[in-house]
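What follows is a short report on a single structure.
The values are calculated or read from the model by the stated rules, or taken from the named source; none is laboratory data. Bear in mind that the values here come from a model prediction, so they are computed numbers and not experimental data. All Cβ positions, glycine included, derive from the backbone under ideal geometry; neighbour counts span all protein chains shown. Note: accessible area is taken over every heavy atom of the protein model, side chains too, but ligands, DNA and RNA are not part of it. Shrake-Rupley method; radii C 1.70, N 1.55, O 1.52, S 1.80 Å.
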Amino acid sequence: MNEQDTPTHGSEVGPTGHGTAVRLDQGHIIGDGGIPERFSNPGLPVHVPRAADLDEDAARRAEKQVTTLFGISILGTLLFIVLYFLIDVEETIYVPGIGVTSASNLALGVTLALALLGIGFGAIHWAKTLMPDHEMVEERHPLRATDESRDRVVHEMREGGNSSQLTRRPFLKYTLGGALGLFAVPLVLQVAGSLGPMPQKSLSLTFWHGGPSGPGQEPEFRPLRLMRDPENTPVRADEVTVGSVYHILPEGLLDLEEGVLEEKAKAAVLLVRLQEDEIQSEKQLDWGYQGIVAYSKICTHVGCPVGLYEQVTHHLLCPCHQSTFDVTRDCEVIFGPAKRSLPQLKITVDDEGYLVSEQPFAEAVGPSYWERGQ
Amino acid sequence: MSTAPTRPADALREGDRPAESRPGAAARTVGGVAGWVDDRTGAAKPVGYLMKKVFPDHWSFMLGEIAMYSMIVCLLTGAFLTFWFVPSAGHTIYDGSYVPLRGVSMSEAYASTLNISFDIKGGLIIRQIHHWSALMFIVALVVHMFRVFFTGAFRKPREINWAIGSVLALLAIIEGFAGYSLPDDLLSGTGIRAMQGFVQTAPVIGTYLVYAIFGGPFPGEMIIPRLYSAHILLIPALLVGLFTAHIGLVFLQKHTQYPGPGRTEKNVVGFPVMPVYAAKAGGFFFIVFGILSLIAAVVQINPIWAYGPYDPSAVTAGSQPDWYMGFADGALRLLPGWLEFEIFGYTLSMNIFPGALLLLPLVYVVLGVYPFLERWVTGDNREHHLLQRPRNSPVRTGIGMAAITAYSVLLFASGNDIMAIKLGMSINDLTWFFRIGFFVLPPLAFWVTKRICLSLQRRDRDTVLHGRETGTIVRTPDGRFFERHDTELTPDQWILVQHEPVAPLELEPAVDENGVARPAARKDRLRARLSRFYFADAVNPVTPAELAAAHYHGEEHEAIEPSETSASGGAAPIESAEAGRH
Ligand code: HEM
Ligand code: FES
């Protein structure tokens, strides 16, 4: 069993120079008379017995510790069962350092942990104290097979080719290759072809174009009222005070039977009122109404909603990667990874004084894509 | 036994058969069943072999085990979750026991996750263990990878296992992302939204890809069922399959071991599977599982009820993915917007697409290829089963630290907003710090690490050459006195001299003896240059001759200049290094 004192194999055991390995730096150090080129491996250290190997009392103590640990595990399991039935899921409990937390989560987790840790620590303590701790030595062999085996594989392959006449009749080879190469196409085609519809124009359209804008739908423009989200009520221009911000959706979107989220993901708008003299761009002033301006809320970086408005600086901040847009400068990017300004929605008021869209977004909203400029 | 004439009472009589120590009933049943199976499979031979297989012991070998066990815990708790989770984007009005969300319209996926958390007894603990074990899995496998890298365990014959490991690491991240996206809460939906934005920026095919993945416009109703089938079926199948191959190769190739007295390239020193390794490894599974349960009991993870259902027009501040996605998120924060171009009316988003779509696969391709690259540079084609101490491979260790540094810069960059708030710094300055840091810090880390390794190696030499005084004063024939140093090593010094001396490969002349240009000369030149980069200032271990010389000149101090040791030896031409296979 115990081979630890007889390191008989291995190139580095014993004087070096006998090993089969060829070093990278052959001849690097020139050995001189009798002194070996390298130190030799001193061999495994002497085995030192543990307390439990020598002393039955120590061994009995170890046994007791291990059985106690296993006992703790059993106890944990029993407690788990009891607490599972005892504690209602809805009960909460205050634990210092954690706060208010689910009582059953805490109880079940801790008892499960006891059940598992008892077994784990018990087994390892057992292995360390009572199981044999003599290190064993196993030999390693090079992984490569013998030359004969390798040759045989090559030979068998050749034979297979010959006896099946593959080599003699090349057309078998070509057609088989073709057939095998092509057979996956139907499967790939089925998946790739049926996963989703073609996008068509839907990425460049929004509900502001007059209605649902999914693939294949071509809404006709009509002015849409700006509705508060989530109340779904229209906004009068005179309600919008300087410095206030509204989350806006187009009229009719929230009444859709289906596709609400898909339309929201493109049509969400932020409405802000500035002092007219703060606005630095002609077009921006023009497309707004008395300093009330509406911008797409979908970040031109990768599409998170631009959620944070700083009243003082008039900056819009996207929480995903911190792109910052300056509302006084037509929502240009002033910091962060986005490149393009947030698109502006041209608005005006209808006869009843409610804000309405005057034309749809002039460009695609949201993240860039290849054919966006088309 | 006893056939003596005076027979004690309990002795056997003639013709009595001595009682055999018979196996107990339980052992007989086991034997019987095992026999039954063996009659039909012949499994006794391989099983017997496996039970006696020797595994070397070291704490760092537990890292792979932690990864393995966390993965198993993930699979187990994940199977539980499937009993209650509803992978559907279909709408429903919540009426469960979490009062703040009652009456809110949400997807069935989100509602069922709320149910698991609030209405199913023990559901929350299973959910929490599942998430914690996923995090632990990825942390452990990354650290395991570090261990393998820095000790050179990936060298021949283990390159295949390294490549499998790289794929495992990539799959683990994708699996984690898919799982994180399932509950359809505001955070996970925001993650999917970002993913949609990434894919959309892919040149030419971006929009088609998005519509294929989402089955139509974002978000649609297809993405959750599709992520679900990826998360519980496709990726786990790949993970388990590759993992089986991974661990199978460890068995087949036998585990590497750290160098030490008695350990060689040709043996494995350690404990047999039965009983020691089985008890330790089996016990360790319970410890990992137990610790995960304990964490899940006391530390809350991903409280989805606090975020609310996903709504594409709502967002929470400080949106952050799970940590393993952080580096890609960080890259996105650092890439400046001016990298987006328009060419002939087509948009190329170089500010998004490299960080979001290229970085992840690129990192793993570079990882997977490294062993092959290093083998080409070192020309070392032999099997290696003894691990290296990281200091004994200063350039590799430096490369590893540089890579970790680059990764960390990106990871920290993904927290630039939180850091800006916590440290009271401007986010603008922080972003610039990370942008510059990404280029400056990795080379710096390389240089510092390499210097540290070299000086540790020199200290090892010093210890061997001057470390031990015997205290014996010897008088030489010519009347001089000096203290004798032992020329023998102590066993604990073996670790300092056991590694192989190295030197750069030498370039063969670009033209052969006949003045004809060698075809491969250019490739060789690159190789020689890389080899010099690896080994030019190598510090090699003390040789017996050096030790003898040091002791002979008892009182003098040896100059241990790196350049001297490597320059004094002839460098091996590439060919002789190639000859090193056996
Ligand atoms: C699913 C994730 C993984 C699991 C569960 C796992 C598990 C294991 C286990 C249990 C071992 C044997 C013990 C040890 O050396 O720590 C091992 C060995 C190994 N692993 Fe992994 N591993 C994973 C990922 C990786 C990754 C990401 C890499 C590298 C890219 C890798 C490379 C290796 C190599 C080269 C070995 C052999 C090392 C040796 O024998 O010293 N593994 N793995
Ligand atoms: S999505 Fe807005 S900054 Fe990235």
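Looking for something outside any helix (DSSP H, G or I) and more than 7 Å from every other protein chain (Cβ to nearest Cβ) - is there at least one such residue anywhere in region B:328-337?
no
Matching residues to (1) over 18 Å from the mean Cα position of the chain (by Cα); (2) within 14 Å of chain A (Cβ to nearest Cβ); (3) farther than 28 Å from B:Val143 by Cβ; (4) within 16 Å of ligand 1 (Cβ to nearest atom):
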| position | (1), (2), (3), (4) |
| --- | --- |
| B:Leu168 | no, no, no, yes |
| B:Ile173 | no, no, no, yes |
| B:Ser181 | yes, no, no, no |
| B:Thr190 | yes, yes, yes, no |
| B:Ala194 | yes, yes, no, no |
| B:Ala212 | yes, yes, yes, no |
| B:Leu227 | yes, yes, no, no |
So, A:Gln280, is that one open to solvent by less than 20 Å² (accessible area, probe 1.4 Å) and away from ligand 2 (no atom under 16 Å from the Cβ) or not? no
Which members of region B:196-209 meet the condition of being under 19 Å from B:Asn351 (Cβ atoms) and facing another protein chain (nearest Cβ under 7 Å)? B:Gln196, B:Gly197, B:Phe198, B:Gln200, B:Thr201, B:Pro203, B:Val204, B:Gly206, B:Thr207
Which one is most open to solvent (accessible area, probe 1.4 Å), of the residues in region B:251-275 that are within 10 Å of ligand 1 (Cβ to nearest atom) and more than 7 Å from every other protein chain (Cβ to nearest Cβ)? B:Phe251
Candidates B:Leu114, B:Leu101, filtered to the one that is within 36 Å of the chain's Cα centre (by Cα) and either buried (at least 17 other Cβ atoms within 10 Å of the Cβ) or closer than 20 Å to B:Leu182 by Cβ (or both): B:Leu114
Take A:Thr175 and decide whether it is farther than 30 Å from B:Ile205 by Cβ, within 12 Å of chain B (Cβ to nearest Cβ) and of a type in the set (S, T, N, Q). no
Is there a residue in region A:316-334 that is more than 20 Å from B:Glu340 (Cβ to Cβ), more than 16 Å from ligand 1 (Cβ to nearest atom), more than 8 Å from chain B (Cβ to nearest Cβ) and part of a strand (DSSP E or B)? no
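Name every residue in region B:338-362 that is among the aliphatic types (A, V, I, L, M), away from ligand 1 (no atom under 16 Å from the Cβ) and more than 9 Å from every other protein chain (Cβ to nearest Cβ), in order of residue number.
Initial filter on region B:338-362 (among the aliphatic types (A, V, I, L, M)): B:339, B:343, B:348, B:350, B:352, B:356-360, B:362.
Those left that are additionally away from ligand 1 (no atom under 16 Å from the Cβ): B:339, B:343, B:348, B:350, B:352, B:356-359.
The answer is B:Ile343, B:Met350, B:Leu357, B:Leu358, B:Leu359.
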Test: residue in region B:294-302 that is in contact (Cβ under 8 Å) with a residue 40 or more places away in the chain, part of a helix (DSSP H, G or I), more than 9 Å from every other protein chain (Cβ to nearest Cβ) and of a type outside the set (Lys, Arg): no
Counting just the residues of region B:246-274 that are assigned to a strand (DSSP E or B) and of a type in the set (Val, Ile, Thr), which one comes out farthest from ligand 2 (Cβ to nearest atom)? B:Val269
Which one of B:Ser112, B:Ser97, B:Ser107, B:Ser117 is among the hydroxyl-bearing types (Ser, Thr, Tyr), free of Cβ contacts under 8 Å to residues at least 24 places away in the same chain, within 30 Å of A:Leu261 (Cβ to Cβ) and away from ligand 2 (no atom under 16 Å from the Cβ)? B:Ser97
Which of the residues belonging to region B:459-517 are part of a helix (DSSP H, G or I) and either at pLDDT below 75 or not acidic (Asp, Glu) (or both)? B:Arg459, B:Arg461, B:Thr463, B:Val464, B:Leu465, B:His466, B:Pro491, B:Gln493, B:Trp494, B:Ile495, B:Leu496, B:Val497
Among the residues of region A:287-300, is there at least one that is surrounded by fewer than 24 Cβ atoms within 10 Å (Cβ to Cβ), under 22 Å from the mean Cα position of the chain (by Cα) and away from ligand 1 (no atom under 16 Å from the Cβ)? no
Checking the structure you have, find out if any residue of region B:85-94 is assigned to a helix (DSSP H, G or I) and either within 12 Å of another protein chain (Cβ to nearest Cβ) or out of contact with any Lys or Arg (no Cβ under 6 Å at 6 or more places or on another chain) (or both). no
